[in-house]
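Report on the following structure.
The values are calculated or read from the model by the stated rules, or taken from the named source; none is laboratory data. Here the structure is a predicted model, which means the values were calculated and not measured. Cβ coordinates were reconstructed from backbone atoms using ideal geometry, including for glycine residues, and neighbour counts include every protein chain displayed. Ligands, DNA and RNA are excluded from the accessible area calculation, which covers all protein heavy atoms including side chains. Shrake-Rupley method; radii C 1.70, N 1.55, O 1.52, S 1.80 Å.
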Amino acid sequence: MTGLLRYNRLILIALLGLAIALVLSQVGRRGNPNPRPVAYLGSDGVPEVVLKQNQLDQYVVTGRINGERIEFLVDTGAADVALPYGVAQQLGLRLHPGAVSKTGNGNVRSWTAWLDSVDVGGVVAHQVKATVLPNMAGEQALLGMAYLKHMEVWLAGGRMRLRPYVTP
């Protein structure tokens, strides 16, 4: 009986270790492969920044809003830069009554704010519209089309290249 009990404990410990390893591998896969992006001048003298995707095929990058560091998840399906309410408070944003926003968690009342600057590695857009959502968890913001519409965006080979759109 004692041998069987030890054997069951070993199996339980092995399964627990496997579960912990699986969780830790998923946490690493969702990470930010672009913690300090830097823009370089392209051949035509226009600054550009190249982002790497993480292992979940997402583009996560550390940038700045009004000079303050923030982590973004690039989301071409988001109309604005979407911010959790707590982040908007930390940034000291002036909130204006918004509308009802349609989110993945259903419809929710939101606020609107205007960001003086959104900067990804030195590629900056000014006067960018943000939507502040009270039910958005965490401290990560969504980098939506309000910023991306000011950029030329190329996707190829697991890389995203951003550069300011220059009118011809």
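The listed residues Tyr59, Tyr147, once ranked by accessible area (1.4 Å probe) with the largest placed first, stand as Tyr59, Tyr147. Candidate cross-link partners of Lys149 among the aspartates and glutamates, defined by an alpha-carbon separation under 18 Å and a same-chain spacing of 8 or more, comprise Glu48, Asp75, Asp80, Asp116, Asp119. For region 61-168, pairs of C-alpha atoms spaced more than 22 angstrom apart make up 27 percent of the total. Per the Debye formula on identical point scatterers at the alpha carbon atoms of region 128-168, with no solvent, log10 I(q)/I(0) at q = 0.17, 0.21, 0.30 Å⁻¹ is -0.63, -0.81, -1.06. As a rough guide to protection, the peptides 135-146, 99-110 ranked by mean Cβ packing within 10 Å, highest first, stand as 135-146, 99-110. Among residues other than Arg161 with Cβ under 9 Å from its Cβ, the summed charge is 0 (Lys and Arg +1, Asp and Glu -1). Surface composition of region 87-168: carbon plus sulfur atoms contribute 50% of the solvent-accessible area (1.4 Å probe, protein chains only, all chains present).
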